[in-house]
Amino acid sequence: MKITGYCKQGVLTLNFNGELDHHSARAAMKALGERIDAFMPRECVLNFKELTFMDSSGIALILRADKRMKEIDGRLLVVNVPAQPMRVLDASGIDRLINISGK
Amino acid sequence: MAVANYTKIEFLGKSANESFARSAAACFAAQLDPTLEELGDLKTAVSEAVTNCIVHAYPNEIGRIQMKCRIMGDDTFEVSIKDWGCGIEDIKKAMEPLFTTGGEDRSGMGFSIMECFMDTVKVKSKVGKGTTVTMKKKIARKKSR
């Protein structure tokens, strides 16, 4: 799992590349938290375009990112979600809480 | 139902083996010619079950995990994941959505996702002895699709 990103005009975009499971989640959560804290964006966009696999570890990651963004009065978007991760998100019902859009 | 083919793999409960286990199960299931969606569902369910072993069954040690995959004569794929860890005290509670003892890192959605993506999920567990999760999914043959 590789996370790259940039912050432009208060919008922090993070690109997830690879597989997000329990093995990779801890480092991903750390990277995410550090970047939100460094940039304090008004909007955080998780770009899942290159996410090749995700299990329920990804749900915990999204919920944590959402919590952190709410703490700083910002909002979270999850975009370009491929079919397999989207099925996991649909099954979890998290789409009722978070702004999510598919590929 | 007769077993048409099977494989048995044992590995250490290291988180690096989560991707190994789900990929191995998907490779074995490939002979049933599943759709990408069916393969994704199998991988996700196996990933959840193996993660449960690593996080919950062996919280303070790296234990053994055994995965058996069976292809039944009626094109049902069966996978069972077994550990010799601490066991589950209250299986009903453990399977409730959002219930977790794993803290903020875990979502508590593992069993819900297994149940959602597989046709059946059965859990056998004995405290102090270990847990076996057996899941089945019927794979539709392409010619009938």
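Some notes on this structure:
- Averaging the sequence gap over all C-alpha pairs within less than 8 Å and six or more residues apart, then dividing by the number of residues, gives chain B a relative contact order of 27 percent.
- Over the residues of the protein assembly as shown, the helix contribution to mean residue ellipticity at 222 nm works out to -11000 deg cm²/dmol, using -39500 (n - 2.57) for each DSSP H run of at least 4.
- Inter-probe distance in nm under a simple model that places probes 7 Å from Cα toward Cβ, at B:Glu37 and B:Ile62: 3.9
- Sequence-distant residues sharing a close amide H with B:Met109 (under 5 Å, placed H): B:Leu98
- Between A:Gly5 and A:Asn15, the built amide H atoms are under 5 Å apart, and every one of these is 5 or more places off in sequence or on another chain.
- Measuring nothing but how far apart in sequence close Cα pairs (under 8 Å, 6+ apart) lie, relative to its length, chain A scores a relative contact order of 26 percent.
- Near A:Gln9: Cβ cut-off under 12 Å, other residues only, Lys/Arg at +1 and Asp/Glu at -1. The net charge is +1.
- Backbone phi angles across region A:88-103, fed through the Karplus curve with coefficients 6.51, -1.76 and 1.60 (θ = phi - 60°), yield HN-Hα couplings of 5, 5, 4, 5, 7, x, 5, 5, 7, 9, 10, 7, 10, 9, x, 6 Hz in residue order; Gly and Pro are listed as x.
- Proximal lysines to B:Lys93, defined as alpha-carbon separation beneath 23 angstrom and excluding residues fewer than eight positions away on the same chain: B:Lys82, B:Lys122, B:Lys124, B:Lys126, B:Lys129, B:Lys136
- For B:Gly63, distant residues with modelled amide H under 5 Å away: B:Gly13
- Total formal charge among the other residues, if their Cβ is under 13 angstrom from that of A:Gly33, Lys/Arg +1 and Asp/Glu -1: 0
- Note on A:Glu71/B:Thr7: beta-carbon distance plugged into 1/(1 + (r/R0)^6) with R0 of 51 Å gives a FRET efficiency of 0.60.
Every read-out reported here was derived from the displayed coordinates using simple, explicitly stated rules and does not represent laboratory data. Note that the structure is predicted; figures quoted are calculated from it, not measured. So basically every Cβ, Gly included, is an ideal-geometry build from the backbone, and we count neighbours across all protein chains shown.
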